[in-house]
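Visitor: Take a look at the following structure, please.
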Amino acid sequence: MRGSRVRAAIASAAVMSLLLTACDGSESSGGSGAPGERRQPDVNGDGKVVVGILSPGDTKDGGYYQSFVDDANKIARAAGWEVRTIDRVNPAVALTQARNLCRQRVDLIAVGAGELKDALTAAPEDYCQGVNWYVNSGSGIAQTEYFAQSKDVINQTLYAAGYAAGLLLQRSGGSKAGYITGPELDFAKQGARAFETGLRAVLPKAQLVVTYTGSFNDSAKAKEAFVAQRAQGVGIVYPYLGGATDAVAREANLAGVPVLTPGTDRCADSTVRYAVSVVFSPGTYFAAALDEFRDGTLKMGTTRLWTLGVDPVPTVRICAPEGDQQARLDQVMKDIGSGRLDVDAAVAKLR
């Protein structure tokens, strides 16, 4: 009898111990927890990992927007994850689309560009509890505890792009460059200013022709803009666009006008010729974040800054440099990274 009572007491103590452990959460449960402290990558503990992607552009554009999903798919396939992509998302419905992904019990929602920042409004809502968030924000979004973000400095990258354009114009004897973009948004206007500042660092009297088409993806409008700029004598063009980029590049190829890429390295492209690769690929930034997510170290409430001249990307590459062109460009990027060249101050002085 006494042995039976001892065994019963031990069993009772074991049960109480398990209950206490469950209550204090010392075992990883995959519950909602505080932002940045949830289990990764299977955040909700349902035995699978699902990454939802929201993109404002065409994820088959062969450039900026596609790089975001391509790199994600590579990592997901290797890890056995599922990726659900919603592209061409109008900013007006970004919040609705984010809520829909939350209802599908995804573990991570990745927002492909700052235009869709309203999607982040869903992060603290009840049906999004337990979801991790990542945003590729370009110039940056006000940080909260609910998401991680990557950003670069638009003045740095676009200044270097303009400097590269200036070097090519200097070699060809030209003095006018074109800049074609979509809606007249703040970052697009800022990019134009930085590009022109870099251009004039090489050719002080150079002119920049700027056209806002109203769409990053409308190829017809982009081609029309290039034809008009070509008539004004531009000797190089920067299509700061999404899905309409190649449409401009093909027209420029026919006209013998050098073209710069908006985000990815396409110097080896055999279908469309690019003279300069301006690399600020969101896919590279996202891949780094996904590596951390896989390893359980992606912290919500944090921002990673990617710096020109310090990190591998962003960077600018002249595809077929002549003489010391790339060396001069590399030095400028190095000076930007070290702080020796204050591009923000330079851009602010542009008149």
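Visitor: What whole number of Å gives the distance from the Cα centroid of the stretch 212-267 to the Cα centroid of the stretch 105-140?
Guide: One Cα centre to the other: 31 Å.
Visitor: If you roll a 1.4 Å probe over the heavy atoms of the protein chains, what accessible area per residue do you get for the chain, in Å²?
Guide: For the chain, the per-residue accessible area is 46 Å².
Visitor: Only bridges with both residues in the chain count here: give the DSSP antiparallel percent, nearest 5.
Guide: 10
Visitor: To continue, here is another question. Using the basic label-point model (7 angstrom from Cα toward the beta carbon), what is the residue 207 to residue 186 distance in nanometres?
Guide: For residue 207 paired with residue 186, the spin-label model returns 3.1 nm.
Visitor: Given points 7 Å out from each Cα along the Cα-Cβ axis, report the residue 335 to residue 305 separation in nanometres with one decimal.
Guide: Rounded to a tenth, the inter-label distance reads 2.1 nm.
Visitor: Another question, if that's okay. Output the 0 to 90 degree angle, nearest 10, between the alpha-carbon long axis of helix 186-202 and the longest principal axis computed from the alpha carbons of the chain.
Guide: 50
Visitor: If each of residue 270 and residue 79 carries a label point 7 Å out from its Cα toward its Cβ, how far apart are those two points in nm?
Guide: 3.3
Visitor: Past 21 Å, Cα to Cα, is the threshold; run 151/349; 151/205; 151/189; 60/299; 117/334; 205/334 against it and keep the listed order.
Guide: 151/349; 151/205; 60/299; 117/334; 205/334
Visitor: If you roll a 1.4 angstrom probe over the protein chains with everything in place, what fraction of the accessible area of the stretch 45-121 belongs to carbon and sulfur, to the nearest %?
Guide: Here it works out to 43 percent.
Visitor: Assigning unit charges at the beta carbon (Lys, Arg +1; Asp, Glu -1) and nothing else, what dipole magnitude in debye, to the nearest 20, does the stretch 220-284 show about its Cα centre? Walk me through the numbers on the way to the answer.
Guide: Details: 6 positive and 5 negative charges, 25 e Å.
Dipole size: approximately 120 debye.
Visitor: Got a sec? What order do 64, 134 fall in by accessible area at 1.4 Å, biggest, i.e. largest, first? Before the final figure, lay out each step's value.
Guide: Working: 64 45, 134 5 Å².
I get 64, 134, largest accessible area first.
Visitor: Could you work out how much longer the chain between residue 139 and residue 175 gets when fully extended? Use 0.36 nm per residue separation minus the Cα distance between them, nm to one decimal.
Guide: Working it through step by step, the gained length comes to 10.0 nm.
Visitor: Right, next: Round to the nearest 10 and give me the degree value, 0 to 90, for the angle of helix 94-103's Cα axis relative to the longest principal axis of the chain.
Guide: That helix lies at roughly 30 degrees to the long axis.
Visitor: Using protein chains only and a probe of 1.4 angstrom, how many square angstrom of residue 157 are accessible, to the nearest 10?
Guide: Number for this one is 0 Å².
Visitor: Over the stretch 249-351, what is the mean sequence separation of C-alpha contacts under 8 Å (at least six apart), divided by residue count, expressed as relative contact order in percent? It would help to have the intermediate numbers written out before the result.
Guide: Values: 116 pairs, mean separation 21.4, N = 103.
Relative contact order, the stretch 249-351: 21 percent.
Visitor: Run through the stretch 62-137 and list the GluC sites (Glu not before Pro) located in a DSSP loop whose Cβ has at most 14 other Cβ atoms within 10 Å.
Guide: Qualifying residues, ordered by number: 125.
Visitor: Using Cα atoms only, what is the angle between the long axis of helix 282-295 and the major principal axis of the chain, expressed in degrees (0 to 90) to the nearest 10?
Guide: Helix 282-295 and the main axis of the chain meet at about 20 degrees.
The values are calculated or read from the model by the stated rules, or taken from the named source; none is laboratory data. It should be emphasised that the depicted structure is a prediction, and the values quoted were computed from it without experimental measurement. Note that each Cβ is placed from the backbone with ideal geometry, even for glycine, and that neighbours are counted across all protein chains shown. For accessibility, only protein heavy atoms count, side chains too; no ligands or nucleic acids. Shrake-Rupley method; radii C 1.70, N 1.55, O 1.52, S 1.80 Å.
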